[in-house]
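Taking it in order: structure first as structure tokens, then the write-up.
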Amino acid sequence: MIDYPEEGEPSDKGKAPLVEEPEPVIEDQAPAVADQLQIFQEALREQQEGLERQRVAQETLETKVDGLVSNVGSLNDKFDQLLALLKKP
């Protein structure tokens, strides 16, 4: 069964829901908000610098690993040559 509002009762039809608006920043809070923003900006800058240092360190490490791989390949070739010489009668 459909409920209809009684005569004289207000209807919710067509009414927008109530939305609470955030309180405006009071002037005495502005310096604290500015300080927090500055702290967040500094933290972000430090994080970005740390990430850049890690990227550079990773590139350096990759270069060193590539050099070691090359040296191992060279040592394997020399080892194979020595084994071949030892096997000759």
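Every number here is computed from the coordinates shown, using simple stated rules; none is lab data. Quantities reported herein were computed from a predicted structural model and do not represent experimental measurements. Positions of Cβ are generated from backbone atoms using ideal geometry, with glycine treated the same way; all protein chains shown enter the neighbour counts.
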Checklist line | Computed magnitude of the charge dipole of the stretch 37-89 (debye, nearest 20; Cβ of K, R +1, Cβ of D, E -1) | finding: 460 debye
Note to self: Just want the ordering: Lys87, Lys78, from fewest to most Cβ atoms lying within 10 Å of their own Cβ.
What the structure shows: Lys87, Lys78
